[in-house]
Amino acid sequence: MKNVYLVAQEFKWESNCGAIARATANFDLENLIFLNPQCNHKGKDAIKYSKHAKELLKKAAILKKFKDLKKFDYVIGTTSMLGTDYNIPRSPLNPEQLRDLIKKSKNKKIAIIIGREGEGLSNEEIKQCDFVVTIPTSKKYPTMNVSHATAIILYEISKITKENNIGNNIPLAGKNEKDALLKIIDKNLDKLNFKTEQNKETQRIIWKRLIGKSFLTKREAHALFGFFKKLK
């Protein structure tokens, strides 16, 4: 996602600078920006908390003012404060909707702003954003740690890239494999004694539904096929 930039605004703590770099690296985002940092974002604690994301932290860009974000096609703010119909700027997208927006905007430069620790973005800054995103959390305690919030948002965005989807390299059973499996199950059901024909038909329906809605891999389907074939 070379078109997406994570912007950490006015961070005061080196530890959070390092933690947000680590979260950014976890999801293969290459672009990290610190907006008017209030601490040494390359300091000892920042390096410590970045773990294996030290290089990303060291090469992070610096912007001085919020208005410098005008160079982006879309500026997306983050907030834990939900709006209403009467507070349009704070009427946010959820992370899934943000993912869909980014997916449709491959040729656009997008900045996602993680606001100040404990304070977030001001109303005036939110008005300057094209969109606002929020993570559904407890009403009793809605505010998340900045690095945790970053990780959740970036995890959702990472689903856009197929390489990041776990299990994509494992082929699922197709219609042919499932039909063959159901056919041999039917043959085995015919060999069994049921009190009524209706009981046998119920078993057929259950197996058909079970196989139909399952995410069987091809390997699992062939293993089941072999198992039912050996039944006498």
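For region 29-46, what does the Karplus curve 6.51 cos²θ - 1.76 cosθ + 1.60, with θ = phi - 60°, yield as ³J(HN,Hα) per residue in whole Hz, taken in order and with x for Gly and Pro?
Whole-Hz 3J(HN,Hα) from phi for region 29-46: 7, 9, 10, 10, 10, 10, 9, 6, x, 9, 8, 7, 5, 10, x, 4, 5, 4.
Once phi is turned into ³J(HN,Hα) by the Karplus curve 6.51 cos²θ - 1.76 cosθ + 1.60 with θ = phi - 60°, what whole-Hz value does each residue of region 129-141 show in order, with x for glycine and proline?
Using θ = phi - 60°, the values come out as 7, 6, 9, 10, 10, 9, 9, x, 9, 4, 5, 6, 8 Hz.
Could you compute the FRET efficiency for E30 and D68, with r as their C-beta to C-beta distance and R0 at 22 Å, rounded to 0.05?
0.70
Checking the cross-link filter: which lysines have an alpha carbon closer than 18 Å to that of K48, excluding same-chain neighbours under 8 positions apart?
Counting by Cα, and skipping residues close in sequence, K48 has these lysines nearby: K12, K58, K59.
Quick one: work out Rg over Rh on the C-alpha atoms of the chain, Rh as Kirkwood radius.
1.22
To the nearest 500 deg cm²/dmol, what mean residue ellipticity at 222 nm is calculated for the chain from DSSP H runs of n ≥ 4 alone, each contributing -39,500 (n - 2.57), summed and divided by the residues?
-13000 deg cm²/dmol
By the scheme Lys and Arg +1, Asp and Glu -1, what is the net charge of all other residues having a beta-carbon under 12 Å from that of I184?
Neighbour charge sum, excluding I184 itself: +2.
Quick one: R209, R204, R116, fewest Cβ neighbours within 10 Å first, how do they rank?
Ranked by crowding around the Cβ, least crowded first: R209, R204, R116.
For E119, what is the net charge nearby, where nearby means another residue's Cβ is under 10 Å from its Cβ and Lys, Arg count +1, Asp, Glu -1?
Taking every other residue near E119 into account, the sum is 0.
Return the percentage of antiparallel bridges among DSSP beta bridges fully within the chain, rounded to the nearest 5 %.
In the chain, DSSP labels about 10 percent of beta bridges as antiparallel.
Looking at the chain, identify the longest residue range that excludes and avoids all chymotrypsin sites (Phe, Trp or Tyr not before Pro) in DSSP loops having at most 13 other Cβ atoms within 10 Å.
Counting only loop sites that pass the neighbour cut-off, the longest clear stretch is 87-193.
Report the FRET efficiency, 1/(1 + (r/R0)^6), for I184 and K51, where r is their Cβ-Cβ distance and R0 is 41 Å, rounded to 0.05.
0.20
Every read-out reported here was derived from the displayed coordinates using simple, explicitly stated rules and does not represent laboratory data. What you see is a predicted model, and the numbers here were worked out from it, not measured in a lab. Reconstructed Cβ throughout: ideal geometry from the backbone, glycine too, with neighbour counts over all protein chains shown.
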